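> Sharing a structure with you now.
The values are calculated or read from the model by the stated rules, or taken from the named source; none is laboratory data. Computed from a predicted model, the values in this text were never measured in an experiment. Here the Cβ is made from the backbone with ideal geometry for all residues, glycine too, and neighbour counts use every protein chain on show. Just the protein is used for accessible areas: all its heavy atoms, side chains included, with ligands, DNA and RNA removed. Shrake-Rupley method; radii C 1.70, N 1.55, O 1.52, S 1.80 Å.
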Amino acid sequence: MKPDMANLSEVEASAPKAPPEHARVVIIGGGIIGCSIAYHLVELGWRDVVLLERAQLTSGTTWHAAGLLTTPADPVQSQLANYSRALYRRLESETGQATGVIECGSIQLATTPQRAEEMRRSYRRAQSLRIECEEIGPEDVARFWPLAYVDDIKAAFYFPRDCRGNPTDITRALAKGARIGGVRIIENCVVTGVETHAGRVKAVRSTCGRIETDFVVNCAGIWAREVGRLAGVDVPLQAAEHYYMISEPVAGVHTTLPILRDPDRSTYIREEAGKLLVGLHEPAGKPWRVDGIPSDFTFGEIPPDWDRIHPYLARATERVPLLSDTGIKVLFCGPEAYTPDHNYLIGEAPGLNGYFVAAGFNSGGILVGGGVGRVMAQWIVQGHAPMDLSAVDIRRTDPWQNNSRYLADRIVETLGVVYQDHWPFRQWQTARGVKKCVLHDRLASAGACFGESAGWERPNWYARPGQKAEYVYSWGRQNWFENCVEEHRAVREHVGLFDQSSFAKFLVQGRDAEQALNRIATAECRVPVGRAVYTHFLNEHGGIEADVTVTRLTEHRFLVVTAAFTATRVGAWLEQHIDSALNCIVTDVSDGWCMINLQGPRSRELLAAVAPGDWSSAGFPFSTAREVEIGYQKALAMRLSATGELGWELYVPVPFALGVYDALVEAGRPLGLRHCGYHALASLTIEKAHRIWPFDIGPDDTPLEAGLSFTCAWNKSGGFIGREALLKARAAPPKRKLAQFLLLDPEPLLHRGEPILRDGQRVGLISSGMYGHTLRGAVGLGYVSHPDGVSEALVTDGRFEILIGNRTVPARASLRPLYDPSGARARA
Ligand SMILES: Cc1cc2nc3c(=O)[nH]c(=O)nc-3n(C[C@H](O)[C@H](O)[C@H](O)COP(=O)(O)OP(=O)(O)OC[C@H]3O[C@@H](n4cnc5c(N)ncnc54)[C@H](O)[C@@H]3O)c2cc1C
């Protein structure tokens, strides 16, 4: 699959050899991603664009990709993949360069009942996303694939529109289209530096000169981490070995043979010029060049590690037994860039305006390359992401993730994730224990089973004495289900203690802090000292960019609190949207404070036992905060509740945390205090229909659609970002509305992505789900859509069902929380 250099240099030949002194955009890297961004910038009318490539186009990872274009059953990724496929098909007529796209279809195989359950749920979601697919039987697989062994197949799914293409030719076509539109592509030009000024990019230095520029786009593939360092930008990715084998010619294979995806054997198989290409996503990958990528690695290959890879190849050939007699023509190993969570990294880098990244594609850069190029170009030109890209936005990462050992250890697991069982509540096994709160050992002694979020070890559930604090995964009730029941009940009936120290905390301070926050937040922030406000940060379209609480600590100081994994994003949003002329600075103080959350009807009694002061409702009203003494220590107590019960969040400076915790546990014993984990929290909060960012609310969802317009202070002086868009949208009923669903059968579970049916018609997907132990059934949130708008009656009067695999389960729908709709318990 090495490209024909004569043809490639066609693009180069007519390109200028020396760069201009100025360009509006400089793209670093001429793989599929850089070329696609260049192509789409031209499409949007930006022609003053230069693409600098260290060696030749495609010479990094793109040239050796297997070219699978199989659609993922994810709302955002399927859009990008569908667009890419359509683009690659039309590029030939546009540019004269063929792209080798063949609509061969694909078949996914499940050989265990669990895998069949997972795939069935996924294929139901795919159908809701209008991806053509159907469940087929082993005999159908045998008809498509006479060479395949089919006796072990428990379920199979056919995707007739899936394709494959030639990555080099696709990239050449994109480069050609970009060049025709005016982009200057300069090969054999290594970027060596990025100059910045006042938090913005200023110029790019390279072996062929310096270019002043407004935007830099780092598309340097496996080199992107090192290229990021040139500008002080963290791009946490690591190269790893990635393999495929090509057989000698095989009789009976043909170009439209569907791609066979066999995750239980970590393999995919497709036709390649009369031979079979067998690709691997082995469960334990091998990082490549942790010490840095060689600068002269061009159209490079990695010597295959036969001993490591042989057992996987042997497993793969079980699917097509004839392969064990057919010779191997090529065993290819090339590097690909992997990220800690198996999602790619795109968007504007936090902390450096004008610096964009698009890298770390985890074996999927060809599949989404067209779509990524388009959304990146829109992002650069329009100044904001054109759709909800939060799952792949670089602002979900933290700077500490750029740690070499962390990346090397995690990437071992990342490579194989695509073909692992995607269990609900699955936890990463590698690179754990990065961040531990000071209470960690105490919580472990109490039986905590930890999960990870943003590097933090957080108690998800507590084991009973004698029970192992370990997950046993399944699609049904997992081993911690009963533990969760007890924790949930403790909060509803007595009092529960949650460690939520991972929460991100920002101090926003200065003479103009109130003015600055009031413009960014939907709620009124001009509140008395000691008032806590639940609010959102919106984009100009009214979409929800952040979900936070803002507490006024003093006249000029506010505390902004948000979930751990949104820390970088919220910090960057504040920095970007506070007018530099204002007297207001933002400081991340997350690591200086623990947070102990006490929730339940007896929380008042418990706190009154350890802390002097008036804890009555009149003396400590809902949504207020004040400093309190607990033992020898001080803490900031905030009366808030997402669980639906009376409760207080205690923000405790780290050195005080053990003392406060010990005092609470001691005093809580006679009151039935129980340690509770994040699974119980999710069960409690979903009963209250509490929305989780970015699943239930995100940049594409407005407070009007999400039922959160109560957070909007419509008439506050100066307004708020997004207000005008919301006012316009308010004129008509929203086309989608978030509702809460309770399954009427107490047995099945909801996770995320299950289709919602109204009177038999698909109207949306479950955006988050958990078991509600008080409501006694699985509870989900999800948007109900209707082209004419969604009225209250449309939700309350419909006959709702949720599609879980092949089961249709009746559900009750509500626009108000099914648990304590008036909120009386939290305000007691
Ligand atoms: C074996 C294998 C099979 C694969 N199969 C598939 C598949 O079937 N489907 C799929 O979707 N994906 C597949 N992939 C993944 C896919 O190839 C990548 O995701 C994609 O090619 C990444 O493109 P890119 O543009 O980000 O990186 P690259 O193609 O590596 O481009 C980055 C470019 O940046 C240049 N560069 C680096 N540093 C500098 C610098 N300082 N100055 C200037 N230029 C610089 C490099 O020379 C390089 O050309 C596969 C990968 C492998 C290894």
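> Given R₀ = 35 Å, FRET efficiency for THR256-GLN429 by Cβ-Cβ distance, to 0.05? Present the calculation step by step, with values, prior to reporting the outcome.
Numbers: r = 39 Å, r/R0 = 1.12.
Given R0 = 35 Å and the Cβ-Cβ separation, E is 0.35.
> If you project the alpha carbons of the chain onto their three principal axes, what span does each projection cover, largest first, in Å?
For the chain, the Cα extents along the three principal axes come out at 82, 64, 54 Å.
> Among PHE356, PHE710, PHE450, what's the order by accessible area (1.4 angstrom probe), most exposed first?
Values: PHE356 5, PHE710 145, PHE450 35 Å².
The most accessible residue leads, giving PHE710, PHE450, PHE356.
> Turning to a different aspect of this structure: Report the residues of the range 56-89 in range of a label on GLU43: point 7 Å along Cα→C-beta, backbone N strictly under 13 Å from it.
Within reach of a label on GLU43: 80-89.
> Now a separate question. What's the carbon and sulfur percent of the range 669-764's accessible surface, probe 1.4 angstrom, rounded to a whole number? Walk me through the numbers before you get to the answer.
On the way: 2100 of 3830 Å².
Ligands and nucleic acids excluded, carbon and sulfur give 55 percent.
> Over the residues of the range 508-614, compute the C-alpha Rg and express it relative to 2.2 N^0.38 Å. Working shown, then result.
Working: Rg = 15.5 Å, N = 107, 2.2 N^0.38 = 13.0 Å.
Compactness ratio reported: 1.19.
> DSSP loop (so not H, G, I, E, B), at most 12 other Cβ within 10 Å: list which trypsin sites (Lys or Arg not before Pro) in the range 688-791 pass both filters.
Working: sites: LYS688, ARG691, LYS716, ARG723, LYS728, ARG730, LYS735, ARG736, LYS737, ARG752, ARG758, ARG762, ARG776; in loops: LYS688, ARG691, LYS716, ARG730, LYS735, ARG752, ARG776.
Taking the range 688-791 and a limit of 12 other Cβ atoms within 10 Å, the loop trypsin sites (Lys or Arg not before Pro) found are ARG776.
> Using protein chains only and a probe of 1.4 angstrom, how many square angstrom of PHE215 are accessible, to the nearest 10?
We get 30 Å² for PHE215.
> Tell me, what % of the accessible area of the range 424-503 is carbon and sulfur with a 1.4 angstrom probe?
Values: 1560 of 3200 Å².
Answer for the range 424-503: carbon and sulfur cover 49 percent of the accessible area.
> Add +1 for every Lys or Arg and -1 for every Asp or Glu among the other residues with Cβ under 12 Å from the Cβ of GLY383, and state the total.
On the way: positive: none; negative: ASP214, GLU348, GLU540.
Once positives and negatives cancel, what remains is -3.
> Next up: Treat each spin label as a single point 7 Å out from the Cα along the C-beta direction, and report the ARG827 to ALA732 distance in nm.
Those two pseudo-labels are separated by 3.5 nm.
> Exactly which GluC sites (Glu not before Pro) in the range 289-358 are in a DSSP loop and have at most 16 other Cβ atoms within 10 Å? Walk me through the numbers before you get to the answer.
Working: sites: GLU301, GLU318, GLU336, GLU348; in loops: GLU301.
Sparse-neighbourhood loop GluC sites (Glu not before Pro): GLU301.
> Would you kindly calculate the translational diffusion coefficient of the range 19-103, applying Stokes-Einstein with the Kirkwood radius from alpha carbon pairs, for 37 °C and a viscosity of 0.692 mPa s, and quote it in µm² s⁻¹ without decimals? Write out the running numbers ahead of the final one.
Details: Rh = 14.6 Å.
Value of D from the Cα-based Kirkwood radius: 225 µm²/s.
> Here is a further query. Stretch GLN467-LEU658 to full length: gain in nm at 0.36 nm per residue minus the Cα-Cα span? Show your work: numbers first, answer last.
On the way: separation 191, 0.36 × 191 = 68.76 nm, distance 2.55 nm.
Gain in length upon complete extension: 66.2 nm.
> Near LEU415, within a Cβ-to-Cβ distance under 11 Å, what is the net charge of the other residues, with Lys and Arg +1 and Asp and Glu -1? Walk me through the numbers before you get to the answer.
Details: positive: LYS286, ARG410; negative: GLU241, GLU282, GLU336, GLU413.
Counting the neighbours of LEU415, the net charge comes to -2.
> Arranged from highest to lowest average of other beta-carbon atoms within 10 Å per residue, in what order do the peptides 816-824, 103-111, 517-525 appear? All intermediate terms of the calculation are to be shown ahead of the outcome.
Values: 816-824: 15.2, 103-111: 21.1, 517-525: 23.7.
Output ranking for 816-824, 103-111, 517-525: 517-525, 103-111, 816-824.
> How would HIS541, HIS40 line up by accessible area, probe 1.4 Å, largest first?
Values: HIS541 110, HIS40 0 Å².
From most exposed to least exposed: HIS541, HIS40.
> First measure r as the distance between the Cβ atoms of GLU248 and GLU135, then evaluate 1/(1 + (r/R0)^6) with R0 = 35 Å and state the FRET efficiency to the nearest 0.05. Mind showing how you got there, number by number?
Numbers: r = 34 Å, r/R0 = 0.97.
With a Förster radius of 35 Å, E is 0.55.
> While we're looking at this one, here's another question. If you keep only loop residues by DSSP, which GluC sites (Glu not before Pro) in the range 121-169 have at most 14 other Cβ atoms within 10 Å of their Cβ?
Values: sites: GLU132, GLU134, GLU135, GLU139; in loops: GLU132.
In loop regions of the range 121-169 (DSSP not H, G, I, E or B), the sparsely surrounded GluC sites (Glu not before Pro) are GLU132.
> Of all DSSP beta bridges located in the chain, what percent are antiparallel, nearest 5?
Values: 127 of 152 bridges.
Rounded to the nearest five, the antiparallel share is 85 percent.
> With the crude spin-label approximation of a point 7 Å out along Cα→Cβ, what separation in nm comes out for GLU482 versus TRP306?
For GLU482 paired with TRP306, the spin-label model returns 5.3 nm.
> Let me ask you something else. Say each of LYS154 and GLU666 gets a label point 7 Å from the Cα, pointing the same way as Cα to Cβ; how far apart are those two points in nm?
5.2
> Heavy-atom accessible area of GLU272 with all protein chains present, probe 1.4 Å, nearest 10 Å²?
Its heavy atoms expose roughly 40 Å² to the probe.
> Give me the extension gain from ARG557 to GLU493: residue separation times 0.36 nm, minus the current Cα-Cα distance, reported in nm with one decimal.
On the way: separation 64, 0.36 × 64 = 23.04 nm, distance 3.63 nm.
The span from ARG557 to GLU493 would gain 19.4 nm if fully extended.
> On to the next question. With the Cα gyration tensor of the range 541-694 giving a ≥ b ≥ c as the square roots of its eigenvalues, does the rule (a/c under 1.5 for rounded; else a/b larger than b/c for prolate; else oblate) give rounded, prolate or oblate? Write down the numbers at each step before the final one.
Values: a/c = 1.97, a/b = 1.47, b/c = 1.34.
Prolate, since a/c reaches 1.5 and a/b exceeds b/c.
> Carbon and sulfur together cover what percent of the accessible area of the range 104-197 at a 1.4 Å probe radius? If you can, show how the numbers build up before the last one.
Working: 1520 of 3490 Å².
Carbon and sulfur atoms account for 44 percent of the accessible area of the range 104-197.
> To continue, here is another question. Between ASP579 and ARG289, take the C-beta separation as r, use R0 = 41 Å, and let me know the FRET efficiency to the nearest 0.05. Mind showing how you got there, number by number?
Numbers: r = 44 Å, r/R0 = 1.08.
Working from the Cβ atoms, E equals 0.40.
> Could you provide, to the nearest whole Å², the per residue accessible area of the chain with probe 1.4 Å? Working shown, then result.
Numbers: 30370 Å² over 828 residues.
Per residue, the chain has 37 Å² of solvent-accessible surface.
> How much net charge surrounds PRO621 when only other residues with a Cβ under 13 Å from its Cβ are counted (Lys, Arg +1; Asp, Glu -1)?
Working: positive: ARG531, ARG604, ARG626, ARG639, ARG827; negative: ASP614.
Net local charge, PRO621 excluded: +4.
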